[in-house]
Amino acid sequence: MTKVAGEDLIRRLATRAVHAGHIADPLAGAVMAPIYQTSTYVQQGLGKHKGYEYARTSNPTREALERNIAALEGGRHGFAFASGLAAVDAVLKLLSQGDHVVSGENVYGGTHRQMTHIWARHGLEFSFVDAADAANVAAAVTPRTRMVYAETPTNPMMRLCDLQAVAAIARGAGALCVVDNTFATPCFQRPLELGADVVLHSTTKYLNGHSDMVGGMLVVNADDLAEQIGFIQNASGAVPGPFDCWLALRGTKTLALRMRQHDANGRRIADWLTRHPKVSQVYYPGLPSHPQHDLACRQMSGFGGMISIELGSVERARHLVERTKIFALAESLGGVESLIGHPASMTHASVPPEMRRAMGLTDSLVRLSVGIEDVDDLIADLDQALEAAG
Ligand SMILES: *Cc1c(COP(=O)(O)O)cnc(C)c1O
């Protein structure tokens, strides 16, 4: 008899992170999911096989990752993609020409670029609104609205969107509510429980957590929606390879542990930055000074390691990002190592300047992805770089 922990035993997040989705390996009893590095599977006879025919359609390593992340989000079906933007591409393929989408204006730059430069050309219509006020989302809904797309907290302004309110607006309009949960992760925010239909991730970030692969994920509860997404995943084919799935799966096992440290370090550093004379503004939902701190406390159970700061001058911002020694100057976020970036010229260069200005994303804004290093070393690094930044 094989012993595999059932659903009834793996209830809480840290336990799910380690165990959910695993199936006993019949060959050797491997404790970790093996990497099934194969494109196809032998068939015993015509139409007789073990449920696997071709690896674009299904791969056991990928399925282990899909089950694991679905369980973390409290969803019934997970679908892995080759990148976060491939997951965005797949979710928008649920729509048809003439359909309308209400999206937060401050979504990930690449998501905005895909919507406006690719999907608008293929006949989808978009309204971009400041989703920090749910009334703006409601006001943008038209009879053709089929999707509400939200990201919270947003990148890099750390604005929040009331997921319960926005999901209710979507439901009332007969539209799908899609939430990009990349920043908060299922450790700190549970969109499906707040009424969302689809949770989207760039697994490249916190879920993998080690900055060594690129991937995406969609999680849903409804069976009919899962069937449509499964069809798109196979028919469009933007699937991740088994090795990247295995890396992401290794990453999720320590998610609860890592997020606890990102959160503790993030809180300490955000608080320290508010008292630094060269920093004019700190954007972090865990600060009581954040305009939506109440919503953050209601909707999130932690605030993580993403912090943006306003330096007041482009030169000072440049000097800071070029002088930190532990915080590496790089795009991306969510890894164990601390990173520093300049959104206006890096991650958000594809967002039109007037739109950047309207959302407060200035050329003197710097974004930190606080890692899991010793927080006193991180503060010392920021301190010396700010000191030298003039
Ligand atoms: C990085 C990111 C994406 C895109 O994911 P890729 O894996 O880079 O394609 C989407 N949303 C958010 C919030 C991100 O940070």
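Things worth noting here:
- Of the residues making up segment 182-205, just one is touching a Leu at 6+ places or on another chain (Cβ under 7 Å) and among the polar types (S, T, N, Q), namely T185.
- Residues within segment 103-127 that are touching a residue at least 60 places away in the same chain (Cβ under 8 Å) and among the hydrophobic types (A, V, I, L, M, F, W, C), tallied: 1
- Residue pairs meeting the criteria (Cβ under 7 Å; at least 6 apart or on separate chains; first more than 13 Å from F79 (Cα to Cα), in segment 225-249; second outside any loop (DSSP other than H, G, I, E, B) and of a type outside the set (A, V, I, L, M, F, W, C)): P242/T61; P242/R62; W246/T61; L249/N68
- If you filter segment 131-168 down to residues that are out of contact with any Phe, Trp or Tyr (no Cβ under 9 Å at 6 or more places or on another chain) and among the β-branched types (V, I, T), you find that the one that is surrounded by the most Cβ atoms within 10 Å (Cβ to Cβ) is V148.
- Positions within segment 370-382 being more than 15 Å from D271 (Cα to Cα) and surrounded by 23 or more Cβ atoms within 10 Å (Cβ to Cβ), in sequence order: G371
- Checklist (1) farther than 23 Å from R367 by Cβ; (2) more than 16 Å from the ligand (Cβ to nearest atom) applied to F79, failing item: (2)
- Segment 318-329, residues that are in contact with a strand residue (DSSP E or B) (Cβ under 9 Å, 6 or more places away or on another chain) and either surrounded by fewer than 16 Cβ atoms within 10 Å (Cβ to Cβ) or at pLDDT below 95 (or both): E322, L329
- A single entry from P156, P143 fulfils the requirement of being in contact with a strand residue (DSSP E or B) (Cβ under 7 Å, 6 or more places away or on another chain) and either in the same structural domain as A70 (by TED's automatic domain parsing) or in contact (Cβ under 8 Å) with a residue 12 or more places away in the chain (or both): P156.
- Restricting segment 1-54 to residues that are in a loop (DSSP other than H, G, I, E, B) and in contact with a strand residue (DSSP E or B) (Cβ under 9 Å, 6 or more places away or on another chain), the residue that is surrounded by the fewest Cβ atoms within 10 Å (Cβ to Cβ) is S39.
- Checking G47, G51, G98, G110 one by one, the residue that is more than 13 Å from P242 (Cβ to Cβ) and within 16 Å of the ligand (Cβ to nearest atom) is G110 and no other.
- Residue check for A344: of a type in the set (A, V, I, L, M) and within 19 Å of H112 (Cβ to Cβ): yes
- Options E310, E315, E337; residue that is outside the structural domain of E151 (by TED's automatic domain parsing) and either surrounded by 22 or more Cβ atoms within 10 Å (Cβ to Cβ) or within 22 Å of G215 (Cβ to Cβ) (or both): E337
- Taking segment 86-173 and the strands (runs of 3 or more DSSP E) fully enclosed by it, the elements with 2 or more residues that are under 23 Å from V220 (Cβ atoms) are at 100-104, 145-151.
- G304 more than 30 Å from N68 (Cα to Cα) and either modelled with pLDDT under 95 or of a type in the set (G, A, S) (or both): no
- A search for C-beta distances below 7 Å between a residue of segment 327-353 that is farther than 20 Å from R316 by Cα and any residue that is among the β-branched types (V, I, T) and modelled with pLDDT of 95 or more, counting only pairs 6+ apart in sequence or on different chains, returns S332/T204; V336/I372.
- Count of residues meeting criterion [within 22 Å of G266 (Cα to Cα), within 16 Å of the ligand (Cβ to nearest atom) and among the β-branched types (V, I, T)] in segment 313-362: 2
- The set of residues in segment 153-178 being more than 20 Å from H293 (Cβ to Cβ) and within 14 Å of the ligand (Cβ to nearest atom) consists of V178 alone.
The values are calculated or read from the model by the stated rules, or taken from the named source; none is laboratory data. What you see is a predicted model, and the numbers here were worked out from it, not measured in a lab. Using ideal geometry, Cβ is built from the backbone for each residue, glycine included, and neighbour counts are taken over all protein chains shown.
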